[in-house]
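Input: a single structure, listed below in structure tokens.
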Amino acid sequence: MPKYNASRICGAFLFISFALPAAMFGQSTLPIETRELKVQGSTSGAISLTVPATVATPYTLTLPATVPGNGSLIYSNTTTGGLAWSNTPSASGWSLRWNGTALEWFDPTGSSNPNWAIGGNTLTAPGTIGATSNHGISIITDNKERLSISNVGIIGINDGADAGTTTNIGKTTGTVNLLGTLNLTGITGINTSGSDATNIGTGATAGTVAIGRTGGSINTTGTLTQTGALNLAGTTSPLQMQGAAGTSGDVLVSQGAGATPAWQSINNAIGIRAAGQSNVTAATSTTVTGLGTLAGTDAIIVTLEGSTSVTASVTARTPGTGFTVTFSGQYTGTVNYMVIKAQ
């Protein structure tokens, strides 16, 4: 049986043990095995991670000493100079934000939310919605603009290219107050349906109500009731009836129930058919003619200007022509007469 030198055998084994890896792998990268790393600090409980000294600006991150809650996040807090936990969200659906000092969870619908939530916000003070820049905003439905506020404050309600056909403001049992100047362009229908009254300028302190324009027209249907003074201002604002203003001295005379009043001369309005004078020289009678409206039932009043020693009376009449006045003696003077229509 051959004999071997023990020292030679051990030396060869060691040579093989150290030389084999270099021969097998050469300059290639060694495989990396991931293992669990447990870092335990001193009794103080502070655990820090420090970057290599070769970093231009070295820094150290210290793990928080407190136990995180369920759902907490870890973040870098430059105020404390290390890592910190965010507070645990109080309920499902909360959001995360930076409050200027730390990360915090907050209720999107709560009063501390700086943004408007779809489901609404619980406010403890008046809120603001809109643009802080020089831009307008729009409210849309079906991806179409329904309400807009321009950058200079012009409010458009249902007036864009995609506007609907109906715009309702207020409700039937409510009140809509419009303050300042109201300009309505186009056909404006007020109380076009229903039986409610329409009041314009009826308040105790209401100012002047102006309707219509110079050269325009106002058309009303039904009964128009005016309480208080009716003032037709201006010399070119006549009161017209059926499109006519009458002639100088005319008055409006009722034509009876259900009929439109008509312009008439003052004489016709009070029933004076005719009035005039007839001059007489040394006559015992005179005839007045040219009275085409004289009727058989009309009253004829005669007075004399001249001698008072005679009297005068109507002794004959011809309807549609005239009448005859007879004196009690020879008369020279003027005969005044008035023909009054029988009522």
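The values are calculated or read from the model by the stated rules, or taken from the named source; none is laboratory data. Bear in mind the structure is a predicted one, so any value in this text is a computation, not a measurement. So basically every Cβ, Gly included, is an ideal-geometry build from the backbone, and we count neighbours across all protein chains shown.
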Any idea which of Thr181, Thr141 is farther than 28 Å from Ser95 by Cα and of a type in the set (Ser, Thr, Tyr)? Thr181
On the basis of being in contact with a strand residue (DSSP E or B) (Cβ under 8 Å, 6 or more places away or on another chain) and modelled with pLDDT of 95 or more, does Thr326 make the cut? yes
State whether the residues of region 146-166 include one that is within 28 Å of Ser195 (Cβ to Cβ), surrounded by fewer than 10 Cβ atoms within 10 Å (Cβ to Cβ) and out of contact with any strand residue (DSSP E or B) (no Cβ under 8 Å at 6 or more places or on another chain). yes
Mind checking which strands (runs of 3 or more DSSP E) fall wholly inside region 93-147 and carry at least 1 residues that are over 30 Å from Gly160 (Cα atoms) and of a type in the set (Asp, Glu)? 103-106
Residue ID - modelled with the lowest pLDDT, chosen from residues in region 64-79 that are among the β-branched types (Val, Ile, Thr) and within 18 Å of Val51 (Cβ to Cβ): Thr78
Asn191 is checked against (1) under 16 Å from the mean Cα position of the chain (by Cα); (2) modelled with pLDDT under 80 and fails just one. What number does that condition carry? (1)
Taking Ala84 as meeting all but one of (1) surrounded by 12 or more Cβ atoms within 10 Å (Cβ to Cβ); (2) out of contact with any Pro (no Cβ under 6 Å at 6 or more places or on another chain); (3) hydrophobic (A, V, I, L, M, F, W, C), write down the number of the exception. (2)
Within region 55-69, how many residues turn out to be touching a strand residue (DSSP E or B) at 6+ places or on another chain (Cβ under 7 Å), of a type in the set (A, V, I, L, M, F, W, C) and part of a loop (DSSP other than H, G, I, E, B)? 1
Yes or no: region 227-240 includes at least one residue that is over 27 Å from Pro261 (Cβ atoms) and surrounded by 10 or more Cβ atoms within 10 Å (Cβ to Cβ). no
